[in-house]
Amino acid sequence: MLMHRIKMALLPPVGAWLIRFLGKAVRIRTEGGDTVDELYRQGRHIILAFWHGRQLMIPLAYRGTEGHVLISQHRDGELIHRIIARFGFRSVRGSTTRGGAVALRQLIRLGKSGVDLVVTPDGPKGPRQVVKIGVIQLAKATGLPIVPLTFSCSKKKSSRAGTVSWSRTHSAGACFSGESRSGFPLTRRRQNWKPSGASLRRT
């Protein structure tokens, strides 16, 4: 227990510092961010969705002002909660294996109240990069558009170093259309879930 308390006291500030350091150390370019900015200019909010393995730079890529992040109730989730809180994010605790139904209801209430929701549609236990039905249910219940986001990095002096990609979706059916430009394959779980053609990248 003592080691756990020490870990929770020391790692969050160190983790937040490392993320900020990476943000300053790499050249970042955003592509398609104007689509998300237009949603905000219209007074709308979004469901920000990214694969579980792409969460490192999300605090630097987020373009909104108030994001509520779905995080598991596991010990690792507590560590993530403490790190992202240093960037102004708030947490909703729960997952498919523990507290999921309560968390989903809380997210729906928050989404209807006028804030952004941040989720990993494949979840911490996978299957990896396979969308689960929860994010679609969330979009239908709140009427918020799903905006997928990812980032990628490449070697020094490469024109693609530090690329972050956004893809806009429409809220009515919580569907994608077109082709993915995010740099990784999207696996369909349902027939109406397809990669988006509007790509926003940040490099």
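The values are calculated or read from the model by the stated rules, or taken from the named source; none is laboratory data. Here the structure is a predicted model, which means the values were calculated and not measured. Every residue, glycine as well, gets a Cβ built from its backbone with ideal geometry; the counts of neighbours run over all protein chains shown.
Whenever a residue of the range 76-94 is of a type outside the set (Lys, Arg), its partners that are assigned to a loop (DSSP other than H, G, I, E, B) and at pLDDT below 95, lying with C-beta atoms within less than 7 angstrom and at least six residues away or across chains, give the pairs GLY94/GLN73. Counting only residues that are at positive phi and under 17 Å from the mean Cα position of the chain (by Cα), the range 1-60 holds 1 of them.
When LEU107 is tested against (1) of a type outside the set (Lys, Arg); (2) crowded, with 19+ Cβ neighbours inside 10 Å; (3) out of contact with any Leu (no Cβ under 8 Å at 6 or more places or on another chain), only condition (3) is not met.
When the criteria are applied in full, ARG63 meets the requirement of being basic (Lys, Arg), farther than 24 Å from PRO124 by Cβ and in contact with a helix residue (DSSP H, G or I) (Cβ under 8 Å, 6 or more places away or on another chain). Taking the conditions (1) at pLDDT 90 or above; (2) within 13 Å of GLY123 (Cα to Cα) in turn, ILE80 satisfies each one other than (2). Candidates in the range 112-155 are the residues that are more than 27 Å from ARG41 (Cβ to Cβ) and not in a loop (DSSP other than H, G, I, E, B); of these, the one that is modelled with the highest pLDDT is GLN137.
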